[in-house]
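Participant: Structure provided below as structure tokens; questions to follow.
The values are calculated or read from the model by the stated rules, or taken from the named source; none is laboratory data. The structure presented is a predicted model; accordingly, all values stated were derived computationally and were not measured. A quick note on method: Cβ atoms are made from the backbone with ideal geometry, for glycine too, and the neighbour counts reach across all protein chains shown. Only protein heavy atoms, including side chains, enter the accessible area calculation; ligands, DNA and RNA are left aside. Shrake-Rupley method; radii C 1.70, N 1.55, O 1.52, S 1.80 Å.
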Amino acid sequence: SCDGCHATAISFQVVVADRAPSAVDAGNVAYADNSGCADCEADAFAYQFVLAFDGNARITGAGRRQLDQIDAALSRLARSGGSAEDPQAAVDGYAAQVVSVLSNELRVRPVVKKVATKRGHAPAA
């Protein structure tokens, strides 16, 4: 219990489904609670990025590093205890960065399926 505290929960989920998935079942939630607190605030932000491709998808090493940096920044933000307006603007900015990384660092290669054909000889007339 406390007086005037601020709880912040931030959850970003990136789902990349490749090889032509028939269905993608993804869920994401953020929960912040200030039980037993007087004059306290709680903010929860949940963002979900779901991409599906027919081909083989992979993110570049640079893209992985950028997402790791965003993850670390989000963790710091969640622990910062800032006012309610501050986290919203910052989280929206990080969401835009995730979109940029996924747009620029995700590589998709088409899947080429080899089909064997059987060649036969036509019967003699």
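Participant: Of everything in region 58-77 that's small (Gly, Ala, Ser) and open to solvent by 30 Å² or more (accessible area, probe 1.4 Å), which residue is modelled with the lowest pLDDT? Quick ask: steps written out before the conclusion?
Facilitator: We begin by selecting, within region 58-77, every residue small (Gly, Ala, Ser); these are 61-63, 72-73, 75.
Okay, now just the ones that are also open to solvent by 30 Å² or more (accessible area, probe 1.4 Å), so 61-62, 72, 75.
Numbers: Gly61: 98, Ala62: 98, Ala72: 97, Ser75: 93.
My answer is Ser75.
Participant: Kindly check whether there is at least one residue in region 89-97 that is loosely packed, with under 12 Cβ neighbours inside 10 Å, touching a residue at least 12 places away in the same chain (Cβ under 8 Å) and out of contact with any Asp or Glu (no Cβ under 7 Å at 6 or more places or on another chain).
Facilitator: Scanning region 89-97, I find no residue that is loosely packed, with under 12 Cβ neighbours inside 10 Å, touching a residue at least 12 places away in the same chain (Cβ under 8 Å) and out of contact with any Asp or Glu (no Cβ under 7 Å at 6 or more places or on another chain), so the answer is no.
Participant: Checking Arg109 against (1) free of Cβ contacts under 8 Å to residues at least 60 places away in the same chain; (2) in contact with a helix residue (DSSP H, G or I) (Cβ under 7 Å, 6 or more places away or on another chain): exactly one of these is not met. Which one?
Facilitator: All conditions pass for Arg109, except number (2).
Participant: How many residues, within region 30-51, are part of a loop (DSSP other than H, G, I, E, B), open to solvent by 70 Å² or more (accessible area, probe 1.4 Å) and of a type outside the set (Asp, Glu)? Outline the logic, then answer.
Facilitator: First pass over region 30-51, keeping only residues part of a loop (DSSP other than H, G, I, E, B): 30-37, 39-40.
Right, trim to open to solvent by 70 Å² or more (accessible area, probe 1.4 Å) and you get 31, 33, 35, 39.
Now drop any that are not of a type outside the set (Asp, Glu), which leaves 31, 35.
Residues flagged as part of a loop (DSSP other than H, G, I, E, B), open to solvent by 70 Å² or more (accessible area, probe 1.4 Å) and of a type outside the set (Asp, Glu) within region 30-51 amount to 2.
Participant: Which condition number does Asp86 fail, the rest of (1) open to solvent by less than 40 Å² (accessible area, probe 1.4 Å); (2) under 17 Å from Cys5 (Cα atoms) being met?
Facilitator: Condition not satisfied by Asp86: (1).
Participant: Scan region 51-63 and report the pairs whose first residue is touching a residue at least 24 places away in the same chain (Cβ under 8 Å) and acidic (Asp, Glu) and whose second residue is open to solvent by 40 Å² or more (accessible area, probe 1.4 Å) and in a loop (DSSP other than H, G, I, E, B), with Cβ atoms within less than 9 Å and a gap of 6+ or a chain change.
Facilitator: Asp54/Asp18; Asp54/Arg19; Asp54/Ala20; Asp54/Pro110; Asp54/Val111
Participant: Across region 8-29, what is the number of residues that are touching a strand residue (DSSP E or B) at 6+ places or on another chain (Cβ under 7 Å) and either part of a loop (DSSP other than H, G, I, E, B) or modelled with pLDDT under 85 (or both)?
Facilitator: Pass one, region 8-29, residues touching a strand residue (DSSP E or B) at 6+ places or on another chain (Cβ under 7 Å): 8-19, 21, 24, 26, 28-29.
Applying the additional criterion that residues be either part of a loop (DSSP other than H, G, I, E, B) or modelled with pLDDT under 85 (or both) yields 18-19, 21, 24, 26, 28-29.
Total satisfying the criteria: 7.
Participant: Something else about it: Identify the single condition in (1) open to solvent by 40 Å² or more (accessible area, probe 1.4 Å); (2) under 24 Å from Ala26 (Cβ atoms); (3) assigned to a helix (DSSP H, G or I) that Asp54 does not satisfy, given that it satisfies every other one.
Facilitator: Against the list (1) open to solvent by 40 Å² or more (accessible area, probe 1.4 Å); (2) under 24 Å from Ala26 (Cβ atoms); (3) assigned to a helix (DSSP H, G or I), Asp54 comes up short only on (3).
Participant: Continuing with this model, one more query. Yes or no: region 101-109 includes at least one residue that is within 18 Å of Val15 (Cβ to Cβ), among the charged types (D, E, K, R), open to solvent by 50 Å² or more (accessible area, probe 1.4 Å) and at pLDDT 95 or above.
Facilitator: yes
Participant: Going through region 18-29 one residue at a time, which ones are surrounded by fewer than 16 Cβ atoms within 10 Å (Cβ to Cβ) and closer than 25 Å to Pro110 by Cα? Explain how you work it out, then say what you get.
Facilitator: In the first step, residues of region 18-29 are kept if they are surrounded by fewer than 16 Cβ atoms within 10 Å (Cβ to Cβ); the result is 19-29.
Answer for region 18-29, where residues must be surrounded by fewer than 16 Cβ atoms within 10 Å (Cβ to Cβ) and closer than 25 Å to Pro110 by Cα: Arg19, Ala20, Pro21, Ser22, Ala23, Val24, Asp25, Ala26.
Participant: Could you grab me the full set of residues in region 53-81 that are closer than 15 Å to Glu105 by Cα and small (Gly, Ala, Ser)?
Facilitator: Keep residues of region 53-81 that are closer than 15 Å to Glu105 by Cα, which gives 53, 56-70.
Scanning region 53-81 gives Ala57, Gly61, Ala62, Gly63.
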